[in-house]
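The values are calculated or read from the model by the stated rules, or taken from the named source; none is laboratory data. Everything quoted here is computed from the prediction, not taken from an experiment. Cβ sites come from the backbone with ideal geometry, for glycine too, and all protein chains shown count toward neighbours. These accessible areas exclude ligands, DNA and RNA; they are computed on the full protein's heavy atoms, side chains included. Shrake-Rupley method; radii C 1.70, N 1.55, O 1.52, S 1.80 Å.
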Amino acid sequence: MAQRTRSATAILALLVTAGSGQAQRPSDRREAPADLVDPRIGNAASRGNTVIGPTLPHGSVQPSPDTFAGGTSGHKLGRPVRGFSQLHAGGTGWGKYGNLLLSPRLGLEVRADAHDSAVTDEVATPYSYRARLSRYGIVADLSPTRNAALYRFSFPAGDRAHLILDLGHQLPRQILTGQNGTVLASRIAVAPDGRSASGMARYEGGFGAEPYDVFFHAEIDTAPAARGTFHNDRIEADTLTRTLQRTDDRVGGWWRFPAGAARSVQVKIGVSFRDETRARAHLRREIPGWSLPAVRTQARDAWNRALGRVAVTGGDRAARTQFYTALYHAQQMPRDRTGEFARFAPTAPMWDDHYAAWDTWRTKYPLMMLIDPAMVRGTIASFSERLRVDGRVRDSFTAAGASALSQADQGGNDVDNIIADAYVKGLKGVDWNAAYAVLKHNADRERRGNGPRGSRDDAAYDNDGYRRRGWLSPGTMNVSNTLEYAYNDFAASQVARGLGKTADAQRYAARARGWQALFNPMLQDAGFSGFVVPRKDDGGWVPVNLTAYPGSWKPHFYEAASWGYSFFVPHQASRLITMMGGRETFVRRLEHGLQTRKVDFSNEPAFLAPALFHYAGRPDLSAKWTAHYTRALVDAKGYPGDDDSGAMSSYYVWASIGLFPNAGQDIYLLNGPRFARVVIDRPEEGALTITRSGVGDYVAAATLNGRPLDRSWLRHRELVRGARLHFIMAPEPTAWATTSPPPPSDDAAVAPPFGAALLAEVKP
């Protein structure tokens, strides 16, 4: 490792004489951020599973091309396109949706795979998609609104221009393999003049255990020469209504357009999870006319507003493209589907498609706290509504989870961390008593672990083991669940203390220390001692392979090995450092884990690991590894693993702006930004400006609002009402902040967020 050089004291004079420290503004005009985004990033095989089609920020629909074997996004670059379906999930490791397929073609063969076409001239943006189906010379052009989409299909001259709408298409059935997609019901009614169609379908399969209904209303701007329906591979010219007869029958509508010169046909389709009336209302409100340029402009403007909340200056165009593409991916899921589900109050916020909170609580939601607090406020309100109606709030929730039984926890009760993160950062406009009811329910009635996947038998769960003895019995994900429950309890204790619920706060804070019962100090690997491992009910240890990646829904750990999970104690880092042998040993151990990928950064449990160097007095190593991950693992093709609803993208955004959140707490760890200037337009707290001077990855000195900053962390409340952070960077490790107090941990971070006393305790 390079020698640390240039102490903060030696550079302090440079900082003070630098005045504000703000980087010079470039003379060239900034490009609109939406036009810097490249939706192809992350769409390549195994590099993110992101969706190439456009959407609105947290919009309900995401129309996109589907390709056979297209992965969970439905599409892989370079593969033949089958058509364009209206619903997709971004960056997930398990598929869903791909419903209501529109497919233009020459000729009327309705077999599912009869018209797959290679594409050329493909242009993808956040607000539109355009490509030529080279098999037919048809150009497809589309743009979305929040609940609808407008298509323009440009056909060549002739008499064979056709369009089909296939209700039997879904990703888990026709695009993916092994995910057991099923169509349980469907119906379509084509208007006698052929200018509209309405209907619904009920689907099952993919992520989420229970069926879900999708309703639609579509309109066409061109009177067809013929129209009808189809049932499986049989075409019905005289039948305008069709209902599914048997499970997995394919039902749909077809249209043939008049012969003659080359022509364009426009189709618009509204989608609802509630009923056809609502789908029709969405369409007429959001796309009242037939102007594709107008819809495209509205979508582009929406993305420029959303992406423009973070303005970056410096770096080359490729760096800005990667940054704004990540920021784009970070604002797709979950989706705002307020009013879409009959069992919830129509005006209650309803944020759907959590895939899952286990992924998004660490980076996605803290990012939204900066740039879109209204989204966080709506999410928390939707948690309260789900508790009221369903009686529980699990961290996986897709297509409104037709019942609470279809919801699941990939890890702990991680909605708790989202609520606590917002609370300690002072989010206003939340009914905190209602939000606390979610925390209390989870703390007192959940924390049961995970039985076999899909099990609804209470006997399959460790119903009170965690609360009674401090850990779960050996079983599915029992160790990782225990560690996450400890952090969930810490989250609940913070909010309880802030709301004056002292007894609850003390009880949950005590339970939050229980993770230590699974730390076996006698186990050794690579010269290091102490690992978290399963423990029997009687206290005996269960032997495990400390480095084996378990996969999903497997014994003991979820998507990370013991080596990685042994570092997952976000609330008691200083205690963990002591248990691992002190700062020097901890630093060597964490470096070894990162170098050998025993701490595997391709998944969320490792997100906090590089930041833990701050707690051991080595912020230079956090900067080193953060820079490594943003360069070596995130590139022009995508991410080191599934983007997971924007979780990986959100990590990249944090790494680029120079802060990293210890989510669920009001702590940010400082590494210095990638760009010369970052301005974050926070709607409710004033702009945050982050600048840098110098070259390199290491912080040599820093100021906050013009005053020297000699520690490598900040509290969120230090950044309210606008703030200016400036970093002087160096090409080699420095001694900056290595002798200052580490970030708060071991209950020191437990505090209510409001009040003058807390503000007074913070000093730069």
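Pairs meeting the criteria (first residue in segment 52-64 and surrounded by fewer than 24 Cβ atoms within 10 Å (Cβ to Cβ), second residue part of a loop (DSSP other than H, G, I, E, B), beta carbons under 6 Å, at least 6 apart or on different chains) are P57/Q331; G59/R146. Considering only residues in segment 696-726 that are over 15 Å from T739 (Cβ atoms) and charged (D, E, K, R), the one that is most open to solvent (accessible area, probe 1.4 Å) turns out to be R721. Taking the criterion of being at pLDDT 95 or above and part of a loop (DSSP other than H, G, I, E, B), the residues of segment 260-280 that qualify are F273, R274, D275. Is it the case that some residue within segment 198-220 is open to solvent by 50 Å² or more (accessible area, probe 1.4 Å), among the aliphatic types (A, V, I, L, M) and either touching a Cys at 6+ places or on another chain (Cβ under 7 Å) or touching a residue at least 40 places away in the same chain (Cβ under 8 Å) (or both)? Within segment 198-220, one or more residues are open to solvent by 50 Å² or more (accessible area, probe 1.4 Å), among the aliphatic types (A, V, I, L, M) and either touching a Cys at 6+ places or on another chain (Cβ under 7 Å) or touching a residue at least 40 places away in the same chain (Cβ under 8 Å) (or both). Restricting attention to segment 281-296 and to residues that are assigned to a helix (DSSP H, G or I) and without any contact (Cβ under 8 Å) to a residue 40 or more places away in the chain, the residue that is nearest to F153 (Cα to Cα) turns out to be P293. Residues in segment 68-116 that are hydroxyl-bearing (S, T, Y) and either surrounded by fewer than 24 Cβ atoms within 10 Å (Cβ to Cβ) or out of contact with any strand residue (DSSP E or B) (no Cβ under 6 Å at 6 or more places or on another chain) (or both): T72, S73, Y97. If the condition is being closer than 14 Å to M368 by Cβ and open to solvent by less than 20 Å² (accessible area, probe 1.4 Å), then segment 679-695 contributes I680, R682. Scanning segment 389-426 for residues that are buried (at least 22 other Cβ atoms within 10 Å of the Cβ), out of contact with any strand residue (DSSP E or B) (no Cβ under 8 Å at 6 or more places or on another chain), in a loop (DSSP other than H, G, I, E, B) and at pLDDT 90 or above yields V393, G412, N413, D414, K425.
Collect the residues in segment 653-678 that are among the aromatic types (F, W, Y) and open to solvent by 10 Å² or more (accessible area, probe 1.4 Å), keeping them in residue-number order. Scanning segment 653-678 gives a single hit, F660.
The set of residues from segment 469-516 being open to solvent by less than 10 Å² (accessible area, probe 1.4 Å), touching a Ser or Thr at 6+ places or on another chain (Cβ under 8 Å), assigned to a helix (DSSP H, G or I) and within 16 Å of D416 (Cβ to Cβ) comprises A496, A505, Y508, A509, W515. Of everything in segment 135-150, what is more than 16 Å from A262 (Cβ to Cβ) and either surrounded by fewer than 24 Cβ atoms within 10 Å (Cβ to Cβ) or at pLDDT below 95 (or both)? Give them in sequence order. Those that are more than 16 Å from A262 (Cβ to Cβ) and either surrounded by fewer than 24 Cβ atoms within 10 Å (Cβ to Cβ) or at pLDDT below 95 (or both): R135, T145, R146.
Restricting attention to segment 517-534, the residues that are open to solvent by 50 Å² or more (accessible area, probe 1.4 Å) and touching a helix residue (DSSP H, G or I) at 6+ places or on another chain (Cβ under 8 Å) total 2.
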